[in-house]
Amino acid sequence: MPQIWMTYDELGALCGCGAMEARDRAIGLSLDRRKSRDGATRVKLDLALTVRFFASVREANFDLDCAIEALHNTHRQMAELLAPSELHNRRGVA
């Protein structure tokens, strides 16, 4: 099982609340909390929060995949519009 540590701001974003409410939740759930070298306190996610985190990553990747596919389709359509038609390439053919 991977260990995922988040700041209160990150945990709040994951849970849809502010940093102070995320701190209160972490305390209420008895999650491990440690001060990191950069001075920020980080919380180790439990199993339920880890599952929620991975689900959010999967959703983000899906959205990114859809965006990339849309860009490819737009590029293909623009390339088709800019490509010379076969009629212009066939000189002298009746």
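The values are calculated or read from the model by the stated rules, or taken from the named source; none is laboratory data. Quick caveat, the model's predicted, so the values are computed rather than measured. Don't worry about glycine lacking a Cβ; one is built from the backbone with ideal geometry, like all the others, and counts go over all protein chains shown. Surface accessibility is based on the protein's heavy atoms, side chains included, excluding ligands, DNA and RNA. Shrake-Rupley method; radii C 1.70, N 1.55, O 1.52, S 1.80 Å.
For the chain, give the percent of accessible area contributed by carbon and sulfur heavy atoms, probe 1.4 Å, rounded to a whole number.
Roughly 56 percent, rounded to a whole number.
Would you kindly state how much longer the chain becomes between Ile68 and Glu21 on full extension, computed as 0.36 nm times their sequence separation minus their alpha carbon distance, in nm to one decimal? Mind dumping the intermediate values first?
Values: separation 47, 0.36 × 47 = 16.92 nm, distance 3.55 nm.
Separation in residues times 0.36 nm, less the Cα-Cα distance, equals 13.4 nm.
For the chain, what is the calculated [θ] at 222 nm in deg cm²/dmol (nearest 500), taking -39500 (n - 2.57) for each run of four or more DSSP H residues and dividing by its residue count? Present the calculation step by step, with values, prior to reporting the outcome.
Details: 4 runs with 58 residues, N = 94.
Theoretical 222 nm ellipticity from helices: -20000 deg cm²/dmol.
Using the Cα centre of the chain as origin and beta-carbon charges of +1 (Lys, Arg) and -1 (Asp, Glu), tell me which of Met20, Phe53, Ser30 is placed farthest towards the positive end of the dipole.
Ser30
Considering the Cα trace of the chain, what is its radius of gyration and what is Dmax, both in angstroms?
Just the Cα atoms of the chain yield Rg and Dmax of 25.1, 83 Å.
For the chain, what is the accessible area per residue in Å², given a 1.4 Å probe and the full set of protein chains? Please report the intermediate quantities before stating the final value.
Details: 7510 Å² over 94 residues.
Ligands and nucleic acids excluded, the result is 80 Å² per residue.
When ranked by the protection proxy of mean other Cβ atoms within 10 Å per residue, highest first, what sequence do the peptides 62-69, 18-25 form? Display every interim value, and only then the final one.
Working: 62-69: 10.0, 18-25: 15.2.
Output ranking for 62-69, 18-25: 18-25, 62-69.
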